[in-house]
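**Q** Right, I'll just put the structure down here and ask away after.
Derivation of every value follows stated rules applied to the coordinates shown; laboratory data play no part. Model, not experiment: these values are computed from the prediction. Reconstructed Cβ throughout: ideal geometry from the backbone, glycine too, with neighbour counts over all protein chains shown.
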Amino acid sequence: DAGVIQSPRHEVTEMGQEVTLRCKPISGHDYLFWYRQTMMRGLELLIYFNNNVPIDDSGMPEDRFSAKMPNASFSTLKIQPSEPRDSAVYFCASSFGRAQETQYFGPGTRLLVL
Amino acid sequence: KNEVEQSPQNLTAQEGEFITINCSYSVGISALHWLQQHPGGGIVSLFMLSSGKKKHGRLIATINIQEKHSSLHITASHPRDSAVYICAAPGGGADGLTFGKGTHLIIQP
């Protein structure tokens with residue numbers, strides 16, 4: 001398996017623009033997690049899905065952020081409109097089973113909002 | 001929400017030294033994760049443990065569930081061990097992870 005795939009790997013955009021980050025989990029995994037990493041706050045959970053259903057989105061910063069998982073092999077994280085404080089590395093991870101199972105991380109998307 | 005604390009935040013050591021990184025958490029958990037983040041940014045899961053001790057090569061992870069404490073040890077450290085080590089715990093009933101701030105380890109030759 002190719003592991004968790006994220007695209008794009010790097011994104012530079014201007015404030016106010018819409019940004020869409022994409023993730024393909026490992027085949028067969030039923031949990032998908034979106035995390036954000038910044039220098040100030042470290043790694044934080046944004047939202048996670050189980051069997052394509054959002055379970056906990058309490059970490060989503062505000063209404064500008066939305067996430068979908070239309071099928072078992074694809075998820076998106078959208079920011080609209082983007083702001084400079086959204087600049088961070090966004091990681092997607094997947095696992096088979098709950099938090100007591102190993103999570104496999106994608107390479108991350110490095111987002112810079114100017 | 002689980003509060004996860006790591007120490008030290010930064011650690012510089014000489015090649016060959018025995019390394020210990022500590023992690024404590026506030027809420028009882030089913031398993032604790034140790035992750036490694038390479039200088040290039042990629043994150044790899046090292047261990048997931050719910051009791052006792054696990055060993056993989058020169059890395060050893062231990063956990064004390066009663067004391068809500070875990071340690072990651074590196075024996076015979078090597079410059080290639082230089083990375084950020086992060087512990088993470090399920091967030092108090094939820095399945096997503098709450099992370100410590102990480103320990104930035106540098107092993108000098």
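**Q** To the nearest whole percent, what portion of all C-alpha pairs in chain B is separated by more than 22 angstrom?
**A** Details: 1493 of 5886 pairs.
Distances greater than 22 Å cover 25 percent of the Cα pairs.
**Q** Please compute, over every Cα-Cα pair in the protein assembly as shown, the percentage with a separation greater than 30 angstrom.
**A** 23
**Q** To continue, here is another question. Distance from the Cα centre of the range B:60-76 to that of the range A:35-114, in angstrom?
**A** Answer, in whole Å: 28.
**Q** Let me ask something else about it. Per-residue mean of other chain beta-carbon atoms within 10 angstrom of the beta-carbon, peptide A:101-107?
**A** Mean shielding count: 5.
**Q** So if we plug the beta-carbon distance of A:LEU114 and B:HIS78 into 1/(1 + (r/R0)^6) with R0 = 41 Å, what FRET efficiency do we get, rounded to 0.05?
**A** 0.55
**Q** Given N residues in chain A, what is its alpha carbon radius of gyration divided by 2.2 N^0.38 Å?
**A** Numbers: Rg = 13.2 Å, N = 114, 2.2 N^0.38 = 13.3 Å.
With N residues counted in chain A, Rg over 2.2 N^0.38 Å equals 0.99.
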